[in-house]
Amino acid sequence: MSFVIATTVDEALAALAAGARPVAGGSDLVVGARHGKAPLPSDLVAIDRISGLDCIEVDDNGACIGALANHHAIEGHAVLGARWSALADGSALVGSPSTRNVGTLGGNVMNASPAMDTGAPLVVLGAEAELVSAARGSRRVSMAELWTGPGRTSASPDELCVAVHLPALPARSGSAYLRLEYRRAMEIAVVGAAAMVTLADDGTIAAVRVALTAVGPTIVEVTGLSGGPVADVAAAAGAAASAQASPISDLRASDAYRRHSVGVMARRAVEAAARRAAGETIPVPLNRAVGIGAAS
Amino acid sequence: MSTTPLTSHDDTVGISLRVNGVEYPVTVGQGRNLLSVIRTEIGLTGTKEGCDDCECGACMVLVDGRPVNSCSYLAAQAHGREITTVEGLTCDGEMHPLQCNILEEGGVQCGFCTPGMLVSATALLARTPHPTDEEIRIGLSGNLCRCTGYAKIVAAVRRTAES
């Protein structure tokens, strides 16, 4: 049994190499342990005081979001909201103000839930996770390489996620994330969809990516999409999303309902992303702007 | 902050919690949540255990000024941090304006959610002194009340912001 408070990445990596598991906000770890999902690890290293790991830096090459950046910081970050809107849309929907204050992007990514609200945005934005270990140094992996199943990643136990990198997007690009929800707070996505589009000079869609939340063992990226008029691409994305989803039935929704509604979310996400790409300002989170969720 | 393992040979951890400005050295199991330590070891029972699942907000406290569900936050992680509970909202025995206004507006019925509501509202007003009604609702969105229907609680926060 040990509990170490790390103040540097090296201290955290040493603890991980010795077998400890990291805890940042604890919102997944502690609740998961109580539910019997996994017992609380006997050796823990608290990483929430590592200085600098919560910074969000933006330059011409893209954004570097420290693993300890919490959802509150992301949802309120003006530049992230303007350029990588889908991620801000997702972070703004996580839990409640208290959850968003302790929940970190790094924790979200490494928890690897297929229902995570930041997952589909990170996929369509082309994000990479930066993993560091004492033995092998640093490497970057795409989200598709990282997530191998519900709660499972390709990261080694001695690796720490230190940052998430978002590449700069081409001009006339926009992104959006929507989820179906039954209540406006402390909710987990019934289904969700993120879209990133780049517009051609004539206003049609030149490039599009769509990814889906809570319809498979990991976040699902929709394949086979191509450009064209916005309405056509949005309709095709909706149909493809429903066709490629492999949802389960549980107490929150049936598989048939999820399959249908994820198509609706995908179509609307493409439409909203195209509006943002054309320069329209749609406030974060998109869910509120388009009236999804119970009225206040 | 020392990085020496905060541990002994068993599964307990010696930590120091600063609650409402008072230092409390306590020894706790490393898996203990902050809520149970505040209520049982420190004896401040204003903070409530509702769902014990990060859903209802009855256990809300401020950790370094940020609202946190203390039922799902490890006590050991709060070592050395500034914790404010509902008891810490009073000043020299006088109720905080939020406490006065939630009484005046009739925002208390059974009262079980009230400490968490007050703590969340405190965090909201510290960050957003003049919130819109929508911002108040978002600020309180992690707190469940099964009695009032929320309208009078929102009114109490609005009245505090206006005063």
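Here are some notes:
- Yes/no for A:Asp117 being assigned to a loop (DSSP other than H, G, I, E, B) and closer than 22 Å to A:Val270 by Cα: yes
- Tally of residues being closer than 16 Å to A:Pro150 by Cβ and among the hydroxyl-bearing types (Ser, Thr, Tyr) across segment A:182-217: 1
- B:Cys59 being over 18 Å from B:Thr148 (Cβ atoms) and either aromatic (Phe, Trp, Tyr) or at pLDDT below 95 (or both): no
- Every residue from segment B:63-72 that is in contact (Cβ under 8 Å) with a residue 40 or more places away in the chain and surrounded by fewer than 24 Cβ atoms within 10 Å (Cβ to Cβ): B:Gly65, B:Arg66
- Of all the listed residues (A:Val79, A:Val58, A:Val30, A:Val45), the sole one being within 13 Å of chain B (Cβ to nearest Cβ) and in contact (Cβ under 8 Å) with a residue 12 or more places away in the chain is A:Val45.
- Selection of segment B:97-143 for residues being more than 10 Å from every other protein chain (Cβ to nearest Cβ), buried (at least 24 other Cβ atoms within 10 Å of the Cβ) and in a loop (DSSP other than H, G, I, E, B) yields B:Gly107, B:Cys113.
- Residue that is nearest to the other protein chains (Cβ to nearest Cβ) [pool: residues in segment B:58-85 that are farther than 26 Å from A:Pro39 by Cβ and either part of a loop (DSSP other than H, G, I, E, B) or among the basic types (Lys, Arg) (or both)]: B:Arg66
- Hits in segment A:15-37 - residues which are more than 21 Å from A:Gly95 (Cα to Cα) and in a loop (DSSP other than H, G, I, E, B): A:Ala18, A:Gly19, A:Ala20
- A:Asp48 of a type in the set (Asp, Glu) and more than 27 Å from B:Leu34 (Cα to Cα): no
- Hits in segment A:225-241 (condition: within 15 Å of A:Arg259 (Cα to Cα) and either without any contact (Cβ under 8 Å) to a residue 24 or more places away in the chain or not aliphatic (A, V, I, L, M) (or both)): A:Ala236, A:Gly238
- Picking from residues in segment A:86-100 that are of a type outside the set (Gly, Ala, Ser) and without any contact (Cβ under 8 Å) to a residue 60 or more places away in the chain, the one that is farthest from B:Val63 (Cα to Cα) is A:Val94.
- When A:Ala6, A:Ala24 are checked against the criterion of being facing chain B (nearest Cβ under 7 Å), within 24 Å of A:Arg100 (Cα to Cα), crowded, with 23+ Cβ neighbours inside 10 Å and not polar (S, T, N, Q), a single residue qualifies: A:Ala6.
- Identity of the residue in segment A:128-164, in contact (Cβ under 8 Å) with a residue 40 or more places away in the chain and assigned to a loop (DSSP other than H, G, I, E, B), that ends up surrounded by the fewest Cβ atoms within 10 Å (Cβ to Cβ): A:Ala135
- Residue tally, condition polar (S, T, N, Q) and either over 15 Å from the mean Cα position of the chain (by Cα) or part of a loop (DSSP other than H, G, I, E, B) (or both), over segment A:178-214: 2
- Residues of segment A:33-42 satisfying the condition of being at the interface with chain B (Cβ under 9 Å from one of its Cβ atoms) and surrounded by 12 or more Cβ atoms within 10 Å (Cβ to Cβ): A:Ala33, A:Arg34, A:Leu40, A:Ser42
- The set of residues in segment A:82-96 being crowded, with 24+ Cβ neighbours inside 10 Å, within 14 Å of chain B (Cβ to nearest Cβ) and out of contact with any Asp or Glu (no Cβ under 6 Å at 6 or more places or on another chain) consists of A:Ser96 alone.
- Candidates B:Gly29, B:Gly80: the one that is in contact (Cβ under 8 Å) with a residue 40 or more places away in the chain, outside the structural domain of B:Thr148 (by TED's automatic domain parsing), under 21 Å from A:Val45 (Cα atoms) and more than 13 Å from the chain's Cα centre (by Cα) is B:Gly80.
- The lone exception for A:Tyr177 - which of (1) out of contact with any Ser or Thr (no Cβ under 9 Å at 6 or more places or on another chain); (2) of a type in the set (Ser, Thr, Tyr); (3) closer than 26 Å to A:Arg275 by Cβ it fails: (1)
- Lone qualifier among A:Gly216, A:Gly293, A:Gly228 - being surrounded by fewer than 21 Cβ atoms within 10 Å (Cβ to Cβ) and modelled with pLDDT under 95: A:Gly293
The values are calculated or read from the model by the stated rules, or taken from the named source; none is laboratory data. This one's a predicted model, so the numbers in the text were calculated from it and none came from an experiment. Counting neighbours? That spans all protein chains shown, and the Cβs are built from the backbone with ideal geometry, glycine included.
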